[in-house]
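The values are calculated or read from the model by the stated rules, or taken from the named source; none is laboratory data. Because the structure is predicted, anything quoted here is derived from the model rather than measured. Here the Cβ positions follow ideal geometry from the backbone for every residue, glycine too, while neighbour counts run over all protein chains shown. Note: accessible area is taken over every heavy atom of the protein model, side chains too, but ligands, DNA and RNA are not part of it. Shrake-Rupley method; radii C 1.70, N 1.55, O 1.52, S 1.80 Å.
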Amino acid sequence: MKEAIFKGKEIYKLIPQRPPIVMVDKFYGIEGNQSFSGLTLAADNIFCQEGVFQEPGIIEHIAQSAAARIGYIYHQQDEPVPLGFIGSVDKLKIHVLPEVGNELSTVITVVQELFDITLISAQTTMGDTVVAECKMKIFLKKE
């Protein structure tokens, strides 16, 4: 991946979550219908148990990666970032639980957008290893 355009605390401009629930620490941008984000797994992450990142954390990372995409679009338009809610998670496959210290990279692909509902496909990797993949339906709550 290229250089992150938002990283560390800058990510707060794109997502509504705050510590200890922040599961994205890098956003690389959008190309076409795809966006790119990342997370370095820290030992103090609330979804890590005995040095291993657990399933709920992976799902939350994917959801926040999708949120960062929306947040980036709204940030570019100088509009308030809307809240998003997971409507459904389908075809979830978790292939491996990553250990602390690893870097997760997630590609969000927009499958369909209709009004305030977005259907995405996600793939999270750790180097060349696929960690997880799923489809997710996200509802936006606009002001």
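Observations, loosely collected:
- Degrees separating the helix 55-76 axis from the principal Cα axis of the chain, which is the longest one: 30 degrees
- Estimated FRET transfer efficiency when R0 is 35 angstrom, pair Asp78-Glu103 (beta carbons, to 0.05): 0.70
- Charge sum, other residues only, whose C-beta stays under 11 Å from Phe6's C-beta, Lys/Arg counted +1 and Asp/Glu -1: +1
- Accessible area of the chain divided out per residue, in Å², using a probe of 1.4 angstrom: 54 Å²
- Proportion of all alpha-carbon pairs of the chain beyond 17 Å (%): 56 percent
- Apportionment of accessible area to carbon and sulfur, the stretch 1-89, percent (1.4 Å): 53 percent
- Maximal additional length on extending the Lys7-Lys137 stretch stands at 44.3 nm, based on 0.36 nm per residue less the C-alpha distance.
- Near Leu104: Cβ cut-off under 12 Å, other residues only, Lys/Arg at +1 and Asp/Glu at -1. The net charge is -3.
- Under the convention that each Lys and Arg Cβ holds +1 and each Asp and Glu Cβ holds -1, the size of the dipole of the stretch 88-143 around its Cα centre is about 260 debye.
- The separation of the stretch 23-84 from the stretch 93-143, counted between C-alpha centres, amounts to 9 Å.
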